[in-house]
Structures are given as structure tokens and as C-alpha cells.
Amino acid sequence: MAPAVPPCDRPLVVRCGAFGDMVLLTALIRELNARWRVPVDLVTSGPWSEPLLRTQPGVGEIYALRSRKTPYWLSPSQGLLVRRLRARGPSATWLCDDSEELRALLARGGLPTEAIVDVRDHPRTAGEHATEQWRRLAAITPPLWRDRSAPGASAGLTGCSLQVGAADRADLEIWLERRGLAGAPLILMQAGNKRTMRRGLKRLAANHKYWPNDRWAAVLRRVHEDLPRARIVLLGTGPEVALNEQIMALAGCARAHNAADDLPISRLVALIARAQALISVDSGPAHAAAAVGCPLIVLFGKASPSLYRPLGVPAAPVELLQGELAGAPSLLGIDTADVIAAWRRLLLRLRR
């Protein structure tokens, strides 16, 4: 007699990624939720994942790791995760991270390889966008459950998506009122990224997502000239406050606001959903903008737009820019005039 197949109460997704990675992962979560008809639990890390995903449709429990690199015996969060995995029993699992540490944790938690769809066994095909890869993986059933009853249908959607809850919208309105931004049209700019404010004089030369401050300032001035009633809000995290201040000083625009000191993830996503447009380097906020339907201009460096472009609400206009220097893709190859031209195209579409 064949051994009994254990029940799969909830699928489990394992992914420890940056902000943008976790936005893209919503494509997988949405598909698994539709196919298995139950919430999808998540193992992840980073201060952005839990506030970003906790209220999203189809998301169940979120198990947060403080670190994957810390030795197991020195990491309370790893020990807690293993105990939780053992308690929930084997479940259909999608391992979406190329991390041997995570594979070891799943094994410690009692998950056999037959219960896992491993991303390494299903690499991205030529020209395949990240969300397309996740949707393809969602259609694969782990070997341990391949003979179970037919799963539900696909969600039938492409790209990624984020929903903003009523509580986050209410928090945003209070914040806008406090900042003197309530009722004004909002244009957002994301100049920095996680590499921008690293220490050391060589940080900018090694940062393929850096676009010079004077170019940002020129774009800021043009946006202000085209929309004098709008408020231009510069996004970021705490270390990017100084970067934004430098850009604002170069622009000399009184209607610009530096919000990098006060944007927790839930407020950031609500702000992007409320805004008229976002101009950004290839970043997490750019992916969030696509996921909530905010019109968008994205500046790409080395990353391929065909693979990593923000892909979300189909109706939201997106302008993609990628420059070239010495025959290689480079953000520095994008001129100020290129971004202003993209802004003018986007503005024309918004006015229509």
C-alpha cells in the first residue's frame, strides 16, 4: 500500500528578497491562493516584507527571519522558524531563493525534497519576466501532492499587485495634512537606492543605479514649471535624507518636500497609490507604483528592462529609459533631456 499523502493545509512560499523582489512575488502568492483556495504562508526577511504583505489578499502567516547567514545555534529566529515548520507539518512549498541556508532550515523543519518546488530546478527562460517565472512556478505541484484532486483555476492576471487598506489610507491623509500636502497634486521622485548612501568615497562610482544630482535637480525644476500647483515629494529611507536635500538645494524649488525621514512601508505604498506620477531609478518604489497603478518613469542601469521592468496594473502608463556608455548599458547614459521628454509624454497622457 502506498504511503498516505499528508494533507496540505496551506502552501508555503520561501523568499528573502529586497523590497522590489517582494512586490514581484505577489504574482506567485496570488496564483497559489487561487489554485489551492487557501491563504499562502510566507518565510521571508527584511523590515519591508511584513508591513508590505501582511494585509494583501491571499497572504496567511508571515514567518520573519532576522538573518540567514548567522549560524543556526546563534539565531533565535531560525530556531523559532524550524519549530513552527515542524508543528505545521509537511506542506507544499515553493522555494524561490537561491540560498543553501534556507534549504538547510527547511530540512531541519522536516520538509522533504518531494514537498518542495525549487526555483533552481525551473530557471527563467529567455526573455521571461520575473512575474512570468513566478506564475509558471505556481502552476507546478510538488511531487508529494501531484496525485491529489485537481487544484483551482489560475487567477487569470498578469504582473504584480498591491492593495492599500483603509487604515493605511487614513494614516496617509493625516500625514499629508501634517506636512501641508493635503489636497495638492503629488509628483514623487525616487533618486536613491540601497547602494546610494553606503559609506566610502567610491560608493557612487560602484553604484550602477546612481544618476547625478544635477540631472535630478533639472528634472525637478521642469516638473515644477509644468505643474506649478503640484507638490514634488522626494522619497527614500533615513540615509537618503541628505541626498534629497542636495538635490533640492540644486533645484532651488520651494514646492519640493523631502519625505525620506518619515516613510514606513505601509505609508509609502499608500502615498504612491495617491500620487499622480513617480519618476524613479529601478527600485522597490517603482515596482510598488506599477502594482498600485501609479503612472511611472523608470531609469534603468545594468538591469534588463525586459526582465525586471515594473509590471502591474495594465492600464497604468509606464515610461522605460535605459542609457548606454562605451557600448554597455548604463544609467549615466541617460541624459536629462531624455527624462524630460519622457515626463512630457507621460504628462500628455495624464492630461488626456
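Summary table below
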{"read-out": "Cβ-based net charge around PHE300, under 13 Å, with every Lys or Arg adding one and every Asp or Glu removing one", "value": "-1"}
{"read-out": "Around ALA27: net Lys/Arg minus Asp/Glu count, Cβ-Cβ under 14 Å", "value": "+3"}
{"read-out": "Where labels lie 7 Å past Cα in the beta-carbon direction, separation of LEU348 and GLN276 in nm", "value": "1.8"}
{"read-out": "Inter-centroid distance (Cα atoms) of the stretch 241-320 relative to the stretch 55-116, Å", "value": "32"}
{"read-out": "Value of [θ]222 nm, deg cm²/dmol, for the chain, DSSP H segments ≥ 4, -39500 (n - 2.57) each, nearest 500", "value": "-11000 deg cm²/dmol"}
{"read-out": "Packing rank of 340-350, 183-193, where each peptide gets the mean count of other beta carbons within 10 Å, highest leading", "value": "183-193, 340-350"}
{"read-out": "Antiparallel bridge percentage (DSSP; both residues within the chain; nearest 5)", "value": "5"}
{"read-out": "Dipole magnitude of the stretch 25-155 about its Cα centre (Cβ charges: Lys, Arg +1; Asp, Glu -1), debye to nearest 20", "value": "340"}
{"read-out": "Rounded to whole Hz, the Karplus (6.51, -1.76, 1.60) HN-Hα couplings of the stretch 252-259, x for glycine and proline", "value": "x, 10, 6, 9, 9, 10, 8, 10"}
{"read-out": "Largest-first ellipsoid semi-axes for the stretch 166-351, taking √(5λ) over the Cα gyration tensor eigenvalues, angstrom", "value": "24, 19, 17"}
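Every number in this text was worked out from the coordinates using simple rules, so none of it is lab data. These figures come from a predicted structure and were not determined experimentally. Positions of Cβ are backbone-derived with ideal geometry, glycine not excepted, and every protein chain shown enters the neighbour counts.
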